[in-house]
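The values are calculated or read from the model by the stated rules, or taken from the named source; none is laboratory data. What you see is a predicted model; the values in this text were computed from it and never measured. All Cβ positions, glycine included, derive from the backbone under ideal geometry; neighbour counts span all protein chains shown.
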Amino acid sequence: MADDAATPTGTATEDAQPDDATTAEPGTELEPAAEAAPPATTAPQQVMLPGEVRPHPQPARYVMIAAVLVVATAAEVGLFYLEGEIADGLITALLLMFAVIKFFLVASWYMHLRTDKPIFRNFFALGIVAAILLYLVVLSTLHVFGSS
């Protein structure tokens, strides 16, 4: 009776695996660990505050931005000494250009608007546009733009 419940003769079980571990091919898990690549080193993650979308840069980047601001300020001061040698309109345009460059560098790097969510940048830009419009309205009511 016990023979009736046994496996029929001539069939092999599907999960039988050969027990020959010495015939492993190169590239398998049996290679020595010394030949494997060293573990990847990851930089420590900087902690981000709520509302930030990317981490703050390294201090060297802030020093580089400060150097750019110093050079831009020196160029503005140098433009003052060129008064009379070049056109006043060109001096005004260059001073405005330097002011805009310095404004965006300070706002994006030192006020950290480039690492914050876009909603903060949008509020800041809205405030700047509103301030410029208010300034233009005041100047127009004082008839600054009109001919005398």
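A few notes on this one:
Rundown of residues vs (1) within 33 Å of the chain's Cα centre (by Cα); (2) in contact (Cβ under 8 Å) with a residue 12 or more places away in the chain, yes/no style:
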position	(1), (2)
96	yes, no
101	yes, yes
105	yes, yes
108	yes, no
121	yes, no
130	yes, no
139	no, no
143	no, no
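- Residues of region 124-148 classified as part of a helix (DSSP H, G or I) and of a type outside the set (Val, Ile, Thr), total: 12
A quick yes/no check of all residues on (1) part of a helix (DSSP H, G or I); (2) under 22 Å from residue 55 (Cβ atoms):
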site	(1), (2)
75	yes, no
80	yes, no
89	yes, no
94	yes, no
99	yes, no
108	yes, yes
114	no, yes
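- Contacts under 8 angstrom Cβ, first residue in region 56-69 being of a type outside the set (Lys, Arg), partner surrounded by 13 or more Cβ atoms within 10 Å (Cβ to Cβ) and not in a helix (DSSP H, G or I), 6 or more apart: 56/112; 56/115
- The set of residues in region 76-124 being within 17 Å of residue 66 (Cβ to Cβ) and in contact with a strand residue (DSSP E or B) (Cβ under 9 Å, 6 or more places away or on another chain) consists of 112 alone.
- With respect to (1) touching a helix residue (DSSP H, G or I) at 6+ places or on another chain (Cβ under 7 Å); (2) modelled with pLDDT under 75; (3) of a type outside the set (Ser, Thr, Tyr), the lone exception for residue 25 is condition (1).
This table checks each residue for (1) more than 22 Å from residue 132 (Cβ to Cβ); (2) of a type in the set (Lys, Arg); (3) at pLDDT below 90; (4) surrounded by 11 or more Cβ atoms within 10 Å (Cβ to Cβ).
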{"position": "65", "(1), (2), (3), (4)": "yes, no, no, yes"}
{"position": "85", "(1), (2), (3), (4)": "yes, no, no, no"}
{"position": "105", "(1), (2), (3), (4)": "no, no, no, yes"}
{"position": "114", "(1), (2), (3), (4)": "no, yes, yes, yes"}
